[in-house]
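The values are calculated or read from the model by the stated rules, or taken from the named source; none is laboratory data. What you are looking at is a predicted structure, and each value in this text was computed from that prediction instead of being measured. Cβ atoms come from the backbone with ideal geometry, glycine included; neighbour counts cover every protein chain shown.
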Amino acid sequence: MKARGLPRSGVRRVTALLALVVLTAFAAGAMNLYATRKQLSDEVLGSNATTAKIAAETIFANLEVQRNLVAAVAQSLRENVESGDWSRSAADLRFMREVDPRIERAVLLDRQGIVRASVSEDPDADAERIGDNQARCECFTAASAANKPHLSRTINFAALVPHMVLSAAVRDAAGSAMGVVVAEIPISNLGLLTESLELDFSTRAPAGESSGSLNVFTDQGVQLTGVQRPGQSSPGYEVFRRAARTDRGTLRGALPGKPRDRLVAFRTVPETNWVVVVEQPASAASVVATTRRLVGLGAFINLILIAGAVIAGRLFRELEQERVRSSSILDSIPDGAVTTDATGLVTSVNPAMERLAGLLSGEVVGRPFDKVYPLLGPGNQPVDWDREFLDKVVRSNIVATSRGYDLSLRSRDGGIVPVSHMLAPILGRGGDLVGCVAVVRDVAYEKELDQMKSSLISTVSHELRTPLTMIQGFSELLLQRSMSPEREREALSRINASSERLARLIDDLLSVSRIESGRLVVRAAPMDLRAAADEVVIPFAEKRDVTVTATGAIPPVMADRDMVVQIVTNLVSNAVKYSTADAPVRIRLGAAGDSVEVTVEDRGIGLSREELGKLFQKFARADRKEVREVGGTGLGLYITKSLVEMQGGRIWAESERGVGSRFSFSLPVVKPAAAGPQPTPDGRTSRIPVPSAAEQVERPPGSRQRRDA
Amino acid sequence: VRKLLIADDEDGIRSLVRMTLESDAYEILEASDGAEALELARTHRPDLLLLDVMMPGVTGLEVCRTLKSDPATAGITIVMLTARAQDSDREAGQAAGAESYFTKPFSPVALLRKVDEIFSSDLS
């Protein structure tokens, strides 16, 4: 939930703290007015020096506050910049301006120095700046290279409002710069700061002499404060030549804009190219010096400013952590989550929702939920979201939930995703509604399952009704009519066949149920596949040409004999069913690596490529007359496949329509190295519950047998 | 003699219908899928078609629609015969143009009564 930024209360705390700092500074200035006036012309220079020192330290401390802020924001932007999420980054920049309103514009540059986000009071100007290349800007090059926030040495005085520019690199875990956060602060703010420290230089200066002043210059002599239009450079003055060599000093000399010599003290501001210059008329008869009082006050102001810088930084980090905690919950859940305000305007979205709807948070935040996320009801008719959900939540503070699988969401690309939707109120501390949280879940899979369930019930009911119709119909005819003995016999045999068919269907359904619920138990033991196959074909061979042949020696396999009999019976029965009475059915056995393969081959109707693909699915029956005519539940091969795989085997089929089919399965042989399973007294191994067929597929063939051994 | 065509992919059902309706009054034809039903309906013009809905290939509903849209066969009275008993299936049958609907499992006596009823109303 990054788009929301920090909790409002946190912002208020930080802003209040900063306000306190500034107020204290103003108060200090005001108190200075009452400072004792003392005429100490000898001490003027010394007094000026002290004033300059305090001013320089104050400016420095103030800069530290802002540097700290820029650094903290740069750090918090790491994740968003890493993922290239510029819209969320803008929210952090907005926060930076909320904390320190003196920052007129906050900008984020990417790795190449391109403006990706810009935040100020003027959204149009911000939009224009997106895409600007700032790669050659000092704010970009120096911040990328430095490990700490950088104050640009160059100031664009040609700009309407000249700015000082603070910038800090956004670094990845390895420490390389991925982008730069830039804060632009009008120089006039520096003037406001120095004015708050303004001393009451004597108004009793001799006629024609201007009174004293405190101003900030760059080391090139460009005056930053106390002038209408800063920008003119005056490097020739002695004070700047001295400042270039040493960080402090006093002198008697000329200053830009002052015709006569002045008593000057200067002090450089650490980590900048700025010089604080305090001066008074050299000929002043009376000089107000407020030095002693100021020393104490200045120290106090500095202390507060520095504490403010430290606390603001720490607070920001704490709030950031809190935000990470609360956002990580919603960001981590796989369902789409959207928060709105009480009127239904989107305030944030999580990544899952962005994926679901194909809309990024920047595209939806601030817009009405029902406009950006069109929900569709039955028949893809639009749903009145306000009435169906929002009104209920707003009116009674209850959770509004969608039912069934009729609801869907139209995503950006026009796709329709079946969803469930829940809207819950977010209550403020006083219990009043402050917003809503919507959870939108993709229910495509559940809907599919539901449809499969309906289709299964429909299929089963059809499969049950058909034999039932015959039983009911023929028995009614037998009871109500006198028929010829041949007709009676036909009716009875139909009833008999239908009963068998019903019994088979019920058996198959129960098998499927047991397989799928994992209740079917494999009783694996070493067994002779050849003997089992021979036994299975006996009843078939009475009517048809069905033979079993083996290539080479057939090693014993580890399998459940009852299941093997069922598998072979199903395959042989299919082969017989789907071929003409004179067509042969061949069963072949052969060892292949560490398993035995059994192949059942017929010259029957065969299968098309499409039919082969669905062969082993539940209730998959070829939509063909010759298949329908032979009857069947469509469950046999599904069960057969499940039984084979349950025992660590594999099953596959090859076929050509009109030519015939070849169904094969393999079962793993008993491992010669192992001692073999210890048969229980009844000749079987211990019972092992078998997981469902679906889980079973994941298991590599033979693993069950190794476990048994 | 009335001609009656029974179309069902289950030969047991065909046999049941035949046994039920067998008499001097009806000549009974059998089709085991939709395509065969269409062919027999066109060549023999039966008076009544008992039509199973779920058949492989061309379904009963498609057979019904096709026959009803062809002026040559539109006069054939069609009774849908199916194991589907939901209202939506009944509506689908009606929409396809079937005159009546019979649900499996059915009583042969009821079927006979229904068929007699259809033919007697035809006469009047």
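Some notes on this structure:
- All positions within region B:4-21 that are among the β-branched types (Val, Ile, Thr) and either surrounded by fewer than 19 Cβ atoms within 10 Å (Cβ to Cβ) or facing chain A (nearest Cβ under 10 Å) (or both): B:13, B:17, B:20
- Strands (runs of 3 or more DSSP E) contained in region A:504-565 and holding at least 1 residues more than 20 Å from residue A:645 (Cβ to Cβ) and touching a residue at least 24 places away in the same chain (Cβ under 8 Å): A:546-551
- Tally of residues being not polar (S, T, N, Q) and not in a strand (DSSP E or B) across region A:219-263: 23
- Considered as a group, the residues in region A:390-413 that are among the hydrophobic types (A, V, I, L, M, F, W, C) and without any contact (Cβ under 8 Å) to a residue 40 or more places away in the chain include one that is farthest from residue A:431 (Cα to Cα), and that residue is A:407.
- Count of region A:143-161 residues which are out of contact with any strand residue (DSSP E or B) (no Cβ under 7 Å at 6 or more places or on another chain) and touching a residue at least 40 places away in the same chain (Cβ under 8 Å): 4
- Within region B:32-63, considering residues that are at the interface with another protein chain (Cβ under 10 Å from one of its Cβ atoms) and outside any loop (DSSP other than H, G, I, E, B), the one surrounded by the most Cβ atoms within 10 Å (Cβ to Cβ): B:52
- Which numbered condition residue A:366 misses (of (1) closer than 29 Å to residue A:127 by Cα; (2) small (Gly, Ala, Ser); (3) without any contact (Cβ under 8 Å) to a residue 12 or more places away in the chain): (3)
- Boolean, residue A:470 is in a loop (DSSP other than H, G, I, E, B) and aliphatic (A, V, I, L, M): no
- Residue B:24 being touching a residue at least 12 places away in the same chain (Cβ under 8 Å), more than 9 Å from chain A (Cβ to nearest Cβ), at negative phi and surrounded by fewer than 18 Cβ atoms within 10 Å (Cβ to Cβ): yes
- Pair list, Cβ under 7 Å, 6 or more apart: region B:93-114 residue within 10 Å of another protein chain (Cβ to nearest Cβ), other residue part of a loop (DSSP other than H, G, I, E, B): B:103/B:85; B:104/B:83
- Flag for residue B:73 being away from chain A (no Cβ under 12 Å), polar (S, T, N, Q) and touching a Phe, Trp or Tyr at 6+ places or on another chain (Cβ under 9 Å): no
- Members of region A:200-239 found to be aliphatic (A, V, I, L, M), modelled with pLDDT of 65 or more and crowded, with 17+ Cβ neighbours inside 10 Å, listed by number: A:214, A:216, A:222, A:224, A:239
- Breaking point among (1) crowded, with 20+ Cβ neighbours inside 10 Å; (2) over 30 Å from residue A:669 (Cβ atoms); (3) more than 14 Å from chain B (Cβ to nearest Cβ), for residue A:559: (2)
- Note on region A:141-155: residues that are in a loop (DSSP other than H, G, I, E, B) and farther than 21 Å from residue A:268 by Cα total 2.
- Total residues in region A:456-474, condition more than 10 Å from chain B (Cβ to nearest Cβ) and free of Cβ contacts under 8 Å to residues at least 24 places away in the same chain: 1
- Which listed residue is surrounded by 13 or more Cβ atoms within 10 Å (Cβ to Cβ), under 35 Å from the mean Cα position of the chain (by Cα) and farther than 23 Å from residue A:338 by Cα, from A:516, A:446, A:476, A:488: A:516
- Residue within region B:83-106 that is part of a helix (DSSP H, G or I), modelled with pLDDT of 90 or more and surrounded by fewer than 21 Cβ atoms within 10 Å (Cβ to Cβ) present: no
- No other residue among A:492, A:510, A:520 is of a type in the set (A, V, I, L, M) and modelled with pLDDT under 85 apart from A:520.
- Residue match in region A:509-521 (condition: more than 14 Å from every other protein chain (Cβ to nearest Cβ), under 30 Å from residue A:555 (Cα atoms) and touching a Lys or Arg at 6+ places or on another chain (Cβ under 7 Å)): yes
- Scanning region A:556-567 for residues that are within 51 Å of the chain's Cα centre (by Cα) and not charged (D, E, K, R) returns A:557, A:558, A:559, A:563, A:564, A:566, A:567.
- Selection count, region A:409-432, where residues are over 13 Å from residue A:336 (Cβ atoms), in contact with a strand residue (DSSP E or B) (Cβ under 7 Å, 6 or more places away or on another chain) and small (Gly, Ala, Ser): 2
- With respect to (1) in contact with a Lys or Arg (Cβ under 6 Å, 6 or more places away or on another chain); (2) closer than 27 Å to residue A:655 by Cα, the lone exception for residue A:572 is condition (1).
- Filtered by the rule that a residue be closer than 19 Å to residue A:414 by Cα and among the acidic types (Asp, Glu), region A:337-383 gives A:354, A:363, A:370.
- Taking each residue of region A:478-499 that is within 7 Å of another protein chain (Cβ to nearest Cβ) and looking for partners that are modelled with pLDDT under 90 with beta-carbon atoms closer than 6 Å, six or more apart or interchain, yields A:494/B:12; A:498/A:467.
Let's see how each residue does on (1) surrounded by 11 or more Cβ atoms within 10 Å (Cβ to Cβ); (2) under 22 Å from residue A:345 (Cβ atoms); (3) not aromatic (Phe, Trp, Tyr):
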| residue | (1), (2), (3) |
| --- | --- |
| A:378 | yes, no, yes |
| A:397 | yes, yes, yes |
| A:401 | yes, yes, yes |
| A:413 | no, no, yes |
| A:419 | yes, yes, yes |
| A:426 | yes, yes, yes |
| A:463 | yes, no, yes |
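- Among (1) over 19 Å from residue A:272 (Cα atoms); (2) assigned to a strand (DSSP E or B) - the single one residue A:128 does not satisfy: (2)
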